[in-house]
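A.B. asks: Below is the structure I would like to discuss, written out as structure tokens.
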Amino acid sequence: MTVDQVNYRWVPRGVPWWKPQEELDTALRSVAAGLKSMQDVCDEFGLGDYLENVDEIVGEREELRSRGFLQKWSDSAMVRLATQDEMQGPTV
């Protein structure tokens with residue numbers, strides 16, 4: 001394998017968070033508006049590979065569910081994961 005065959009992406013470190021909640025809110029709004037991808041947000045916040053994070057979270061939730069725990073969301077939650085049915089909305 002040569003250097004030309006290695007897939008990589010340069011992501012500069014940036015500055016430490018000044019206002020983490022505002023920065024996360026802005027990043028998630030950028031994703032919702034289609035201006036950034038979730039991988040972009042993970043890169044900016046130093047959170048690693050987005051799909052690996054998703055796999056880890058899915059595993060954690062499945063483990064909680066198997067032990068009888070349910071994850072509930074409050075109305076004030078910034079982000080709420082929805083099921084496929086919820087995303088499609090009501091049928092007319």
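The values are calculated or read from the model by the stated rules, or taken from the named source; none is laboratory data. Predicted, not measured: the structure shown is a model, and the values here were computed from it.
A.B. asks: Within the bounds of region 77-84, is there any residue that is at pLDDT below 90, in a loop (DSSP other than H, G, I, E, B) and basic (Lys, Arg)?
C.D. replies: Residues of region 77-84 at pLDDT below 90: 77-84.
Next cut, in a loop (DSSP other than H, G, I, E, B) only: 77-83.
From what's left, basic (Lys, Arg): 80.
Yes.
A.B. asks: Here is a further query. Could you identify the single residue in LEU51, LEU28, LEU64 that is in a helix (DSSP H, G or I) and modelled with pLDDT of 95 or more? Steps first, please.
C.D. replies: Numbers: LEU28 fails: modelled with pLDDT of 95 or more; LEU64 fails: modelled with pLDDT of 95 or more.
Matching residue, one of LEU51, LEU28, LEU64: LEU51.
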